[in-house]
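Q: Take a look at the following structure, please.
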Amino acid sequence: MTRVCISIGILLLLSGLSIFSGIWVEKRCSRIIDEIDTVQELQQAGEYEAAAAKAVELERDWEDFRGKSAVLLKNNKLSDADRISERIYHLSLAGDPGGTAESAEMRLMVDSLRKGELPFLTNIF
């Protein structure tokens with residue numbers, strides 16, 4: 001009976017951790033998506049200096065998220081968005097209209113990451 005209780009306790013702990021991490025990833029990704037949208041709007045309006053300043057904040061938040069989520073998520077999901085986050089700043093600073101496409105691509109990647117980590121029953125078990 002003790003083994004059954006320990007096994008149930010471990011399963012409940014893992015399920016709780018999975019739900020908590022899914023909610024945390026969803027909130028952080030939603031905030032990053034909002035920042036990407038802001039950068040993209042500034043780029044489309046031609047305000048490249050303001051876009052570059054927002055891109056610095058985006059890159060800082062992304063690095064913070066990446067450092068903490070590397071334990072929870074597969075590294076290959078994070079590496080492509082990592083490269084793009086660095087390019088967005090440089091393209092915004094240069095006034096390159098290609099920064100809008102990079103922002104849109106990163107937004108899709110982060111949104112896909114967010115949706116993949118939502119705490120649904122199929123994602124937990």
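Q: State all residues of the range 83-97 that are touching a helix residue (DSSP H, G or I) at 6+ places or on another chain (Cβ under 6 Å) and closer than 14 Å to residue 36 by Cβ; if no residue qualifies, say none.
A: Answer for the range 83-97, where residues must be touching a helix residue (DSSP H, G or I) at 6+ places or on another chain (Cβ under 6 Å) and closer than 14 Å to residue 36 by Cβ: 84, 85, 87, 88, 89, 91, 92.
Q: Which residue is surrounded by the most Cβ atoms within 10 Å (Cβ to Cβ), if the candidates are limited to the range 95-116 and must be more than 12 Å from the chain's Cα centre (by Cα) and without any contact (Cβ under 8 Å) to a residue 24 or more places away in the chain?
A: Of everything passing the filter in the range 95-116, 102 is surrounded by the most Cβ atoms within 10 Å (Cβ to Cβ).
Q: Residue pairs, Cβ under 7 Å, 6 or more apart or interchain, first in the range 56-81 and among the acidic types (Asp, Glu), second at pLDDT below 90. List them.
A: Taking only residues 6 or more apart or on different chains, the pairs are 59/85; 59/86; 59/89; 80/109.
Q: Would you be able to say whether some residue in the range 72-90 is among the small types (Gly, Ala, Ser), more than 17 Å from the chain's Cα centre (by Cα) and exposed (fewer than 13 other Cβ atoms within 10 Å of the Cβ)?
A: no
Q: Also: Looking at (1) at pLDDT below 85; (2) within 15 Å of residue 33 (Cα to Cα), which one does residue 54 not meet, given that it meets all the others?
A: (1)
Q: Among the residues of the range 1-50, write down those that are buried (at least 16 other Cβ atoms within 10 Å of the Cβ), over 19 Å from the mean Cα position of the chain (by Cα) and without any contact (Cβ under 8 Å) to a residue 60 or more places away in the chain.
A: Those that are buried (at least 16 other Cβ atoms within 10 Å of the Cβ), over 19 Å from the mean Cα position of the chain (by Cα) and without any contact (Cβ under 8 Å) to a residue 60 or more places away in the chain: 42, 48, 50.
Q: So, of the residues in the range 86-125 that are at pLDDT 80 or above and in contact with a Leu (Cβ under 8 Å, 6 or more places away or on another chain), which turns out to be farthest from residue 55 (Cα to Cα)?
A: 113
Q: Hey, residue 53 hits all of (1) closer than 25 Å to residue 21 by Cβ; (2) over 13 Å from the mean Cα position of the chain (by Cα) but one; which does it fall short on?
A: That leaves (1) as the condition not met.
The values are calculated or read from the model by the stated rules, or taken from the named source; none is laboratory data. All values derive from a computational prediction rather than experimental measurement. Positions of Cβ are generated from backbone atoms using ideal geometry, with glycine treated the same way; all protein chains shown enter the neighbour counts.
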